[in-house]
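Heads up, the thing below is written out as structure tokens.
The values are calculated or read from the model by the stated rules, or taken from the named source; none is laboratory data. From a predicted model like this one, the values you see are computed outputs, not experimental measurements. As a convention, Cβ positions derive from the backbone with ideal geometry for all residues, glycine included, and neighbour counts pool all protein chains shown.
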Amino acid sequence: MTETTFTPGPDQSLNFREALGCFGTGVTVVTTNTAGGPVAITVNSFASVSLDPPLVLWCLAKDSNRYDAFSNCQHYAIHVMAQEQHDQALLFARNGFDFSHTKWQCDEAGRPRLSDCLARFDCRLSDIHDAGDHLILVGHVETVMHRPGQGLIFKRGQFGGFADLI
């Protein structure tokens, strides 16, 4: 086993990315609605912030082709993807403007809600923080849905699952 030690910087971005990939994360798809229609983005930078008030966060890359849609939205939904939604998460990672491969409907605030996810957090934008090459979006959770099932996990560039305890 070879250990790699380095100081993060522009010349070490691949090594830094590999080190970050050692941390397995859940896979989410964030959706919002724009004048041009629904938009989605696959995200693994999701975290809880506060129980009272109910706050969650996620990070948006400034170089994303969906940056304008999400940096300007007031309402969005964060969907925790089930293991069987692997293909859907990949499709939204590649193209967030095509919803033809999924069942969905808008809620009263206009947020696109995807069917069959493990959990969904319907959010109102609470705050935005500039953070290097990303924005941190903090959402006030207005409605939550969840169900049992296996979650979709991402680690070291691969998708996998983690079963619920019985």
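Here is how the numbers come out for the structure above:
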item	result
Qualifying residue in region 92-105 (condition: at pLDDT 95 or above, touching a Cys at 6+ places or on another chain (Cβ under 9 Å), surrounded by 13 or more Cβ atoms within 10 Å (Cβ to Cβ) and not charged (D, E, K, R))	no
Given (1) over 22 Å from CYS106 (Cα atoms); (2) surrounded by 13 or more Cβ atoms within 10 Å (Cβ to Cβ); (3) out of contact with any His (no Cβ under 8 Å at 6 or more places or on another chain), number of the condition VAL39 does not satisfy	(1)
Flag if SER71 is in contact with a Cys (Cβ under 9 Å, 6 or more places away or on another chain) and small (Gly, Ala, Ser)	no
Extreme residue, nearest to ALA61 (Cα to Cα), among residues of region 20-48 that are out of contact with any helix residue (DSSP H, G or I) (no Cβ under 8 Å at 6 or more places or on another chain), among the hydrophobic types (A, V, I, L, M, F, W, C) and in contact (Cβ under 8 Å) with a residue 12 or more places away in the chain	VAL43
Odd one out for GLN74 among (1) more than 12 Å from THR34 (Cα to Cα); (2) touching a Lys or Arg at 6+ places or on another chain (Cβ under 7 Å); (3) among the polar types (S, T, N, Q)	(1)
Filter pass, PHE121 being of a type in the set (Phe, Trp, Tyr) and closer than 18 Å to PRO54 by Cβ	yes
